[in-house]
Amino acid sequence: MTRLQANLLLLLAGAFWGMGFVAQSTAMESAGPFLFIGLRFVVATLVMLPFAWFEARRTHRVGAAPLQRGDLLRFGVVGLAMFSGMAAQQVGLNHTSVTHSGFITGLYVVFTPIIMVLFLRRWPHPAVWPAVTLSFLGIALLAGGRLESVTLGDLLTLLSAVCWAVQIVLIAQFVQGRGYPVMLATTQFAVVAVLGMVAGFLFDDVTWAAATGAGTEILYTGIFAGALAFTLQVVGQRYTTAPQAVIFLSSEAPFAAAFGALFLDERIGRMGLLGCVFILVAMLMVELLPLRWRPTDGPTPA
């Protein structure tokens, strides 16, 4: 798979997540946040289990190194980071506005290359830094870009942005050299499903009515925004770098705005459209500039 094809997979994942934002917002009318997280990833896990089994069988037949217990533990750590990001974001939404949440969550675009540099000593291609800046400005314009005061919800959402950045970096570390992208995705889904259901029974009102009331949203986010989108993320990240991947994944913001306008009668406005243009330019920068501009000195880019 080429880097362009991998980045297009990440773009498609962003589209599924953008639509998932609509489903998630309407699901909260029936189900609590943890119950919703748990059920959608129960669905995602069940959908992906046959594909994980097929991947393991196929990989064994071609003579690749078998999956080790340490691999499953590392995949579980990715799931823990994923659940932490989702839980912090969902709880934070109870204490802050959607505008603030969208703005602060977009900081994962900035945190990802910073984490790569600080903890892994891996420097991204120089084109990533202006692209990250443009992408974040685009997200800020889409979300309104204003923080009049900092609340507990804002701090929790900031924590979620860090968790998402960690999840992206961990996937880059664990899947590129080791393989088994479907098994990684399935394992992280199972971890999120278990933790979500446990938290749901502890903190949410778990009833059959709550589950069925959000049934359509659970199925969509479980199958498309869950199983399919996160698997596309894992597969795509095998063939591109984490700093470049995060630019394409940030496309979920304009997709969410577009689907919100289509299904929820929300309006993007001129500044929001400008934000979409910024994100598109950022994606073109990280895709095209590395082909024409290869640094000849300084740290080795990731």
Legend entry - Neighbours by Cβ (under 7 Å, 6+ apart or cross-chain): first from the stretch 245-270, over 19 Å from residue 13 (Cβ atoms) and of a type in the set (Phe, Trp, Tyr); second surrounded by fewer than 24 Cβ atoms within 10 Å (Cβ to Cβ) and at pLDDT below 80: 263/22
Legend entry - Residues satisfying the stated conditions in the stretch 199-229, i.e. aliphatic (A, V, I, L, M), under 13 Å from residue 30 (Cα atoms), in contact with a helix residue (DSSP H, G or I) (Cβ under 8 Å, 6 or more places away or on another chain) and part of a helix (DSSP H, G or I): 210, 211, 218
Inset, instruction - Could you tell me whether residue 47 is modelled with pLDDT of 90 or more and either closer than 14 Å to residue 191 by Cβ or surrounded by 22 or more Cβ atoms within 10 Å (Cβ to Cβ) (or both)? - result: no
Inset, instruction - Name the residue, out of 64, 131, that is over 15 Å from the mean Cα position of the chain (by Cα), buried (at least 17 other Cβ atoms within 10 Å of the Cβ) and either outside any helix (DSSP H, G or I) or modelled with pLDDT of 80 or more (or both). - result: 131
Legend entry - The one condition in (1) in contact with a Pro (Cβ under 6 Å, 6 or more places away or on another chain); (2) not in a helix (DSSP H, G or I) that residue 234 fails to fulfil: (2)
Legend entry - Contacts under 7 angstrom Cβ, first residue in the stretch 73-86 being among the β-branched types (Val, Ile, Thr), partner surrounded by 19 or more Cβ atoms within 10 Å (Cβ to Cβ), 6 or more apart: 77/170; 78/167; 78/170; 78/171; 78/174; 78/184; 78/188
Inset, instruction - Please work out if residue 19 is surrounded by 20 or more Cβ atoms within 10 Å (Cβ to Cβ) and at pLDDT below 90. - result: yes
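The values are calculated or read from the model by the stated rules, or taken from the named source; none is laboratory data. Because the structure is predicted, anything quoted here is derived from the model rather than measured. All Cβ positions, glycine included, derive from the backbone under ideal geometry; neighbour counts span all protein chains shown.
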